[in-house]
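The values are calculated or read from the model by the stated rules, or taken from the named source; none is laboratory data. Model, not experiment: these values are computed from the prediction. Using ideal geometry, Cβ is built from the backbone for each residue, glycine included, and neighbour counts are taken over all protein chains shown.
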Amino acid sequence: MIRTLKKLTNNINRFYTLIIIEACRIAVRRRYKNIPSPMEGEKEWRKKWSPLIKHPTVKYYRKYAGFLGPNVDIPPTEAMQLQIQPILNPSLMRVHYLDKNMFDQIYGKEVMAKTILRRINGEYFNTDYESLGMKSPSIPSVTMKGLIAKPSRDSYGGRNILLFVRNQSDKFMQVDDPNTELSVELLDKLLGDDWILQEQLKQSSFMAQFNESSVNTFRVHVYKSPVTGIIDTPSICIRIGAKGHWFDNIHSGGVCVSVNPDTGVLGKIPVDVKSVPQSQYNGIDFANTEITVPDIVGLRNFAKRIGKCVVHHHSLALDVMLDEKGEYKLIEVNIGTIDAEMYMATGFTPFGKYTNEVIDYCSHRHDKVRMVHVIPW
C-alpha cells in the first residue's frame, strides 16, 4: 500500500512538472517572438547551456545580449525556471523563509523594521511573539509617524501593501484612501489571517536623492555555493520608485539601475519593467552623473549575513534599504525567483563568475527537480 501510494505521488509530481515545463516553453516563445535577427555567440551559448536544456529560446539570448553584448553566461529563462531555481532552492523548504512573521526569528530583530503587531494563522501576537489570542486586539500605542501593513506571505510585486500615516488628530489614516483609519478589523478584512504591522522606515539621504516619496531599495543577489560554501553577491541593482509613489515597485512605473558589486558605482542607464532604457529619471541625468554607493562593502557583508541564515537555499534575491542612521535593513527575501532579467537589463549576469559551477552542479541533479509537490496525507 505504501509503495503504491509513493509511486502514485511520484507520478502525479512528474505529470504536473511536465505540464509546467510545457506551459513555460509556450509562454517564453510568445513573449520573445518579436525579438530581431541573430546575434554573435548564439551557437556557443546553446552549447554552454545544453547540459541543462537542449533547445533554449534563442530570442531570449538576443534580447539580453543587446544589453550585455555577446555573453554565454546569460542563463536561458527555461533553465532558470525549470532547473536552476528548483534545484538550488528546493520548493518544499521555502515557506518558512518567505513568511515575514518569521523574519525576526530567522534573521534577527536588529536587521528589521520594528514590528508593532502580527497575525499568524488567525492568532494575534505582539512584537515578541507572545500570543494575544484569537480575539481582535487594539493597535498598540506608538510614537512612529508612519506604519506599514502587509501580508506576511505572497506580497511579491508590492501586492496588498498598505501605508498609514499619523494625521493631526493623532490617527493613522491610509495614504491611498485618506478616509480610512487603521484598525485590526481593517487589516483582517484586507489581508486575511496572516499579516504584519511594522514601523515605516525613513531612508538615508543617499537613497532619497533618487526619489523622496518612495523607499528605494537595493536588490542583491546572494549566491551560496553548494560546492565550496562561499557566499557572494555577484549582482546588485537599485530599485527606484516613480515620483509621487511611496513604493519602489518597478511594475508601477519604477526603474532599476545596476550597482557594480566591486566598486559600488551605479550604471548609466536605468531600465523600466519592459527593459526600456531611461537615461534620465526623476530629474537625474544618470548617463552623465557618477554616483557611488557610500558603503558597498557593508551592503555586501549585510547580504552575506542574511544568506548565511538561509541554510536550505543557494540563490536569494534580497530587498535591502539604507535607513537614515546609515544602517541596512532587510525588507524582503525572494527565493522562488531572483528576477534575473532585472540584473541583465542593467548590465550584469546573475551568477557572474559562478555560472559554470551552477551549470555543472544542476546538470547532475535533474532528478531533484520538483515543480509541484503532492504530500500523501
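Remarks
- Residue in the stretch 285-300 that is over 17 Å from S204 (Cα atoms), of a type outside the set (F, W, Y) and in a strand (DSSP E or B) present: yes
- R119 being basic (K, R) and modelled with pLDDT of 95 or more: yes
- Residues being of a type in the set (F, W, Y) and either without any contact (Cβ under 8 Å) to a residue 12 or more places away in the chain or not in a loop (DSSP other than H, G, I, E, B) (or both) - total across the stretch 343-366: 3
- For beta carbons closer than 8 Å, sequence separation of 6+ or different chains, a first residue in the stretch 116-137 that is in contact (Cβ under 8 Å) with a residue 24 or more places away in the chain and under 21 Å from F172 (Cα atoms) and a second that is in a loop (DSSP other than H, G, I, E, B) and among the β-branched types (V, I, T), the qualifying pairs are I116/T127; I116/I139; I116/V142; L117/T127; L117/I139; R118/T127.
- Top-ranked residue of the stretch 264-278 - restricted to ones that are touching a strand residue (DSSP E or B) at 6+ places or on another chain (Cβ under 7 Å) and of a type in the set (V, I, T), ranked as surrounded by the fewest Cβ atoms within 10 Å (Cβ to Cβ): V265
- Evaluation of R239 against (1) under 23 Å from M321 (Cα atoms); (2) surrounded by fewer than 20 Cβ atoms within 10 Å (Cβ to Cβ) (one fails), failing number: (2)
Here's the yes/no breakdown for (1) touching a Pro at 6+ places or on another chain (Cβ under 6 Å); (2) of a type outside the set (A, V, I, L, M):
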site	(1), (2)
I230	no, no
N249	no, yes
G253	no, yes
K268	no, yes
Y281	yes, yes
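- From the list R219, R159, the one residue that fits, being among the charged types (D, E, K, R), within 21 Å of the chain's Cα centre (by Cα) and surrounded by fewer than 16 Cβ atoms within 10 Å (Cβ to Cβ), is R159.
- Residue in the stretch 321-342 that is part of a loop (DSSP other than H, G, I, E, B), within 14 Å of the chain's Cα centre (by Cα) and crowded, with 21+ Cβ neighbours inside 10 Å present: yes
Quick grid of which residues meet (1) more than 24 Å from the chain's Cα centre (by Cα); (2) modelled with pLDDT under 95; (3) within 19 Å of Y129 (Cα to Cα):
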| site | (1), (2), (3) |
| --- | --- |
| L186 | yes, no, no |
| D193 | no, no, yes |
| Q198 | no, no, yes |
| L201 | no, yes, no |
| E212 | no, yes, no |
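- Single match in N288, N282, N356 (criterion: over 22 Å from the mean Cα position of the chain (by Cα), surrounded by 19 or more Cβ atoms within 10 Å (Cβ to Cβ) and assigned by TED's automatic domain parsing to the domain that holds R46): N282
- Residues in the stretch 58-69 that are touching a residue at least 24 places away in the same chain (Cβ under 8 Å) and over 19 Å from I269 (Cβ atoms): K59, Y60.
- Restricting the first member to the stretch 35-55 and to residues that are within 17 Å of I84 (Cα to Cα), and the second to residues that are of a type in the set (F, W, Y) and surrounded by 11 or more Cβ atoms within 10 Å (Cβ to Cβ), the beta-carbon pairs closer than 6 Å and six or more apart or on different chains are W45/Y61.
- Answer from E199, E130 - the residue that is surrounded by fewer than 17 Cβ atoms within 10 Å (Cβ to Cβ), of a type in the set (D, E) and either over 22 Å from L316 (Cβ atoms) or in contact with a Cys (Cβ under 7 Å, 6 or more places away or on another chain) (or both): E130
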